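Novice: Pasting a structure here, questions to come.
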Amino acid sequence: MEDALLLALQLLGATIRVATPLVLAAFAGMYCERAGVVDIGLEGKMLAGAFFSAAVASTTLNPWLGLLAGIAAGMALAMVHGFACITHNGNQVVSGMAINILVAGLAPTLAYAWFQQGGQTPLLPNQARLPAVELPGVEALSGVPFLGPVYRELFNGNNVLIWVTLVLVIATQWVLYRTRFGLRLRAVGENPAAVDTAGLSVARLRYQALLVTGVLTGMAGSYLSTGHGAGFVRDMTAGKGYLALAALIFGKWRPGPTLFACLLFAFTDAVQVRLQGVVLPGIGVIPVQFIQMLPYVLTVLLLAGFVGKAIAPKASGIPYVKER
Amino acid sequence: MLLSGSGKGQPGAVPGWVGYALLPVLNLVAAFVLSGLVILVIGENPVDVLSLLLSEALGYPEAIGYTLYYTTDYIFTGLAVAIAFHCGLFNIGGEGQAYLGGLGAGLVALALTGWPWPVVALLAVLASALFGAAWAFIPAWLQAKRGSHIVITTIMFNFIAASIMTWLLVDVLIRPGSQSPETREFDPGVWLPSMDRALGWFGIAIPASPLNLSFLWALACCALFHIFLRRTRWGYELRTVGRNERAAVYAGISPARNIIIAMLISGALAGFVGVNEILGVQHRVILNFTGGVGFVGIAVALMGRNHPVGIILAALLFGVLAQGGGQLSFEYPTINRELVMVIQGLVILFAGAMENLFKPQVEALFRRRGGTAAAETGRG
């Protein structure tokens, strides 16, 4: 019984750790898609955030400067995306793809030139990594059944960015539905012409949304390379940006369901690690690859409308051209 | 919906070649200037690096062979993206379709040991088309019947294809006793002849390179693509759906049917990458042999303005980048293959997403010149 509880808690703990970058990226996508800009470039922004965080953290030995660098990289790329598809009405999907390809090449190229370690940054020492938060009273509670292990395994020792993410999730729910900015953001994604008529600048709102996207993707990257991991390695995002996009659709562009979708994807990943090589009664060993592709298959099934129809913000993906 | 309106200027104000030639060249120059900056940042001389890139891609016959071998892949995926584009669809799944196409070609080559190569080649072409098309069919069907967004579903299908292929190569098709995830090598009798061998039959000697007969098939596909789109009823219907779905419905054309047809052809074209790579060069099914060709195809189609001639030229450009860029690392220790992706990404960004970046300035320039010319003739 005690073992089962511990296993469940470890699974949940792993789920939270894996989910964090997904949540950050998916919420990043939520801001810009709610404002009517599709961003397939989440992956690239995350990767850039991961690289610049690790590079700066490794040179300065200061993880916070690294975090800032990652955020700056994410914002810079978001502005490139905005310049292409807001200012120049370019194709949003193409711009996002270009950013992904660009960063997939740029990060290892710069890493190779700066650190001469085959396209990765040196392993970060502990002081250059974003710290874990140690909560008080772990020892005192450890004797208490259920509560003690839960407190120790789930809440204690989480990376500081996990807590920040939690705050951001709650803040996003509030910003989107309880503030004027959120109202305008949602409006510009549904009916930009109406927002324009009301005298607000569509371009300005979309740029603002993209700035938030840049910040969140930069943080997601930072978490990967300086929080969860200890250094940048080539392709370390490994499709998480696309998965975040899927989670966003899965979550119907709403904070709560999107959070749930990220946790679900992360849970399948945590389970997959545990299931490797385990013989299931009656089925035998499930090849790892089949478990790995579960989130993608889930997404396709959802898109097929079997789980409920997902309706995107109406103006999403369409450049807004003011009537002349 | 995803095709942005070109926003044509006043007729006659700006000559047509500006849109087809001048603007793409300007965008390309901008992309190369930025690439040069990146090269500066990593501490090399951009002019030296870029000129070495060009000479390593086009400077001697063997290099040209390699360049055309890469070009072959990009023609296939460029055409694949373009045909979907003509129907108003964005096929990002070229990567997965090409991967599955390679599986189809590989299975034929594995099964038909000892058969004459022309038969195997024909069946492998068919199988790669079939596998690629099948992989494109599901997203197509979902888009046509259930309204699922094809961009997302094709991305997901790339990941699913990667997982399935890894499983097949690790657990099922792996050469017995082998450690690396790949099939056994095909019997040399079924390999698709390389161009130097094929030309050797006619007494023409060229240096050996991976360039093989599938290059000719790629050119043939360009011709077939043009005939299909411009000279057949099917092509007409497909383009109608792409231009205006509602008008197509009123004209009695079924969008759903055409979406599926366009994606089937698209998947088949992407699948042909497998013939070039698996049957022509690798001679075994290996992991990740596609290496991003599906994504480059998007850029090729965009730069080629979805026209076969443009696609050949754009594919050649990316072929040059792939071959020349790959060679740079031998000369420059600080540069590795990824630099090519930087240049590719910048080219896609400028030529694809910011294609109208210089348009206002260039058009203004032409109007001003046209205006002064008109004023002068008026005065005279």
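Novice: Over chain A, what relative contact order in percent results from Cα pairs under 8 Å that are six or more residues apart?
Specialist: Answer for chain A is 34 percent.
Novice: Collect residues whose amide H, placed 1.01 Å from N in the peptide plane, falls under 5 Å from the amide H of A:N159; neighbours closer than 5 in sequence don't count.
Specialist: Residues meeting the amide H criterion: A:V133.
Novice: May I ask you to give the solvent-accessible area per residue for the protein assembly as shown, in square angstrom, as obtained with a 1.4 angstrom probe? Before the final figure, lay out each step's value.
Specialist: On the way: 29540 Å² over 704 residues.
Ligands and nucleic acids excluded, the figure is 42 Å² per residue.
Novice: Which one, B:L169, B:L79, B:L321, has the greatest fluctuation when you compute a Gaussian network model over chain B with C-alpha springs under 10 angstrom?
Specialist: B:L169
Novice: Here's something else I'd like to know. Calculate how steeply helix B:46-58 sits against the longest principal axis of the alpha-carbon atoms of chain B, using the helix alpha-carbon long axis, and give the answer as 0 to 90 degrees to the nearest 10.
Specialist: In chain B, helix B:46-58 runs at an angle near 60 degrees to the longest axis.
Novice: I would also like to ask the following. Cα atoms only, chain A: Rg and Dmax in Å?
Specialist: Here Rg and the maximum Cα pair distance are 20.5, 72 Å.
Novice: R0 = 25 Å: FRET efficiency of A:L68 with A:K252, Cβ-based, nearest 0.05?
Specialist: E between A:L68 and A:K252, to the nearest 0.05, is 0.15.
Novice: Could you check the simple spin-label distance between A:A203 and A:F181, using points 7 Å along Cα→Cβ, in nm with one decimal?
Specialist: 2.1 nm
Novice: What residue among A:G284, A:G182, A:G96 shows peak mean-square fluctuation when chain A is described by a Gaussian network model with Cα springs under 10 Å?
Specialist: A:G284
Novice: Taking a ≥ b ≥ c as the square roots of the eigenvalues of the Cα gyration tensor of the range A:187-324, is the shape rounded (a/c under 1.5), prolate (a/b larger than b/c) or oblate?
Specialist: Judged from the Cα gyration tensor, the range A:187-324 comes out oblate (a/c at least 1.5, b/c at or above a/b).
Novice: Can you compute the equivalent ellipsoid semi-axes for the range A:41-127, i.e. the square root of 5 times each eigenvalue of the Cα gyration tensor, sorted largest first and rounded to whole Å?
Specialist: Those come to 27, 14, 8 Å.
Novice: Starting from the eigenvalues of the Cα gyration tensor, five times each then square-rooted, give me the equivalent ellipsoid semi-axes of the range A:206-286, largest first, whole Å.
Specialist: Sorted largest first and rounded, they come to 29, 19, 9 Å.
Novice: Need one number: nm distance between label points at A:V297 and B:R243, each 7 Å from Cα along Cα→Cβ, rounded to one decimal.
Specialist: Using points 7 Å along Cα→Cβ, the separation is 4.3 nm.
Novice: Related question: With axes computed from alpha carbons, what is the tilt in degrees of helix B:23-41 against the longest principal axis of chain B, rounded to the nearest 10 within 0 to 90?
Specialist: 70 degrees
Novice: Related question: Given springs between every Cα pair under 10 Å in a Gaussian network model of chain B, which of B:I311, B:I278, B:I227 has the largest fluctuation?
Specialist: B:I227
Novice: When the scattering of the range A:70-218 is computed by the Debye formula from its Cα atoms alone, each counted once and equally, what is log10 I(q)/I(0) at q = 0.12, 0.13, 0.19, 0.22 Å⁻¹?
Specialist: For the range A:70-218, the Cα-only Debye profile gives -0.78, -0.86, -1.18, -1.34.
Novice: What list of whole percents do you get for P(r) of the range A:1-68, with Cα-Cα distances grouped in 10 Å bins up to the one holding the largest distance?
Specialist: 18, 29, 29, 18, 5
Novice: Please say if the range A:136-239 is rounded, prolate or oblate, where rounded means a/c under 1.5 for a ≥ b ≥ c the square roots of the C-alpha gyration tensor eigenvalues, and otherwise the choice is prolate for a/b larger than b/c and oblate otherwise?
Specialist: Numbers: a/c = 4.44, a/b = 1.90, b/c = 2.34.
Cα axes put the range A:136-239 in the oblate bin.
Novice: Considering every Cα-Cα pair within the range B:28-91, what fraction, in whole percent, is farther apart than 16 Å?
Specialist: 64 percent
Novice: May I ask you to work out the translational diffusion coefficient for the protein assembly as shown at 37 °C, viscosity 0.692 mPa s, via Stokes-Einstein with Rh from the Kirkwood sum over Cα pairs, reported in whole µm²/s?
Specialist: For these conditions, the coefficient is 123 µm²/s.
Novice: Moving on to the next point. Using just the alpha carbons, could you tell me how many Å³ per residue the convex hull of the range A:1-151 encloses?
Specialist: Hull volume over Cα atoms, normalised by residue count, gives 154 Å³.
Novice: Give, in nm to one decimal, the length gained when the segment between A:A76 and A:E139 is fully stretched (0.36 nm per residue of separation minus the Cα-Cα distance).
Specialist: Separation in residues times 0.36 nm, less the Cα-Cα distance, equals 18.2 nm.
Novice: Counting only helical runs of four or more DSSP H residues, what would the 222 nm mean residue ellipticity of chain B come to if each run contributes -39,500 (n - 2.57) and the total is spread over all its residues?
Specialist: Rounded to the nearest 500, it is -22000 deg cm²/dmol.
Novice: What Kirkwood hydrodynamic radius do you get for the range A:80-151 when you take the inverse of the mean 1/r over all pairs of distinct Cα atoms, in Å?
Specialist: On the way: mean 1/r = 0.0591 Å⁻¹.
Final number for the Kirkwood radius of the range A:80-151 is 16.9 Å.
Novice: Treating only the Cα positions of the range B:37-165 as identical point scatterers, give the base-10 log of I(q)/I(0) from the Debye formula at each q in 0.17, 0.18, 0.21 Å⁻¹.
Specialist: For the range B:37-165 at q = 0.17, 0.18, 0.21 Å⁻¹, log10 I(q)/I(0) is -0.96, -0.99, -1.11.
Novice: Moving on. Using a simple charge model, +1 on the beta-carbon of Lys and Arg, -1 on the beta-carbon of Asp and Glu, nothing else, what dipole does chain B show about its Cα centre, in debye to the nearest 20?
Specialist: Magnitude of the dipole: close to 1660 debye.
Novice: Also, I was wondering about something else. In debye to the nearest 20, how big a dipole does the range B:52-179 give about its Cα centre with +1 on each Lys and Arg Cβ and -1 on each Asp and Glu Cβ?
Specialist: Charge dipole, the range B:52-179, about its Cα centre: 460 debye, nearest 20.
Novice: Moving on to the next point. Beyond 13 Å, what share of the Cα-Cα pairs of the range B:92-141 is found? Please give it as a whole percent.
Specialist: Result for the distance tail: 52 percent.
Novice: Sticking with this structure for a sec: Mean projection of the alpha-carbon convex hull of the range B:214-306 over all orientations, in nm²?
Specialist: If you wrap the Cα atoms of the range B:214-306 in a convex hull and average its projections, you get 6.9 nm².
Novice: Residues of the range B:82-98 with backbone nitrogen within less than 18 Å of a virtual label 7 Å along the Cα-to-Cβ line of A:D235, please, listed as ranges.
Specialist: B:93-98
Novice: Radius of gyration and Dmax for chain B's Cα atoms, expressed in Å?
Specialist: 22.4, 87
Novice: Shifting gears a bit: If you take every residue apart from A:D269 with its C-beta less than 13 Å away from the C-beta of A:D269, what net charge results, scoring Lys and Arg +1 and Asp and Glu -1?
Specialist: Working: positive: A:R17, A:K240, A:R274; negative: none.
My count for the surroundings of A:D269 gives +3.
Novice: Using the basic label-point model (7 angstrom from Cα toward the beta carbon), what is the B:R233 to B:A251 distance in nanometres?
Specialist: In this crude spin-label approximation the distance works out to 1.3 nm.
Novice: Tell me the angle of helix B:233-243 to the major Cα principal axis of chain B, expressed in degrees between 0 and 90 and rounded to the nearest ten.
Specialist: Between helix and principal axis, roughly 60 degrees.
Novice: Further question: For B:N45 and B:A111, FRET efficiency with R0 = 51 Å and r from the beta-carbon atoms, rounded to 0.05?
Specialist: That pair, B:A111 with B:N45, gives E of 0.45.
The values are calculated or read from the model by the stated rules, or taken from the named source; none is laboratory data. None of these values were measured; they are calculated from a predicted model. Note: ideal-geometry Cβ built from the backbone for every residue, glycine included; neighbour counts use all protein chains shown. These accessible areas exclude ligands, DNA and RNA; they are computed on the full protein's heavy atoms, side chains included. Shrake-Rupley method; radii C 1.70, N 1.55, O 1.52, S 1.80 Å.
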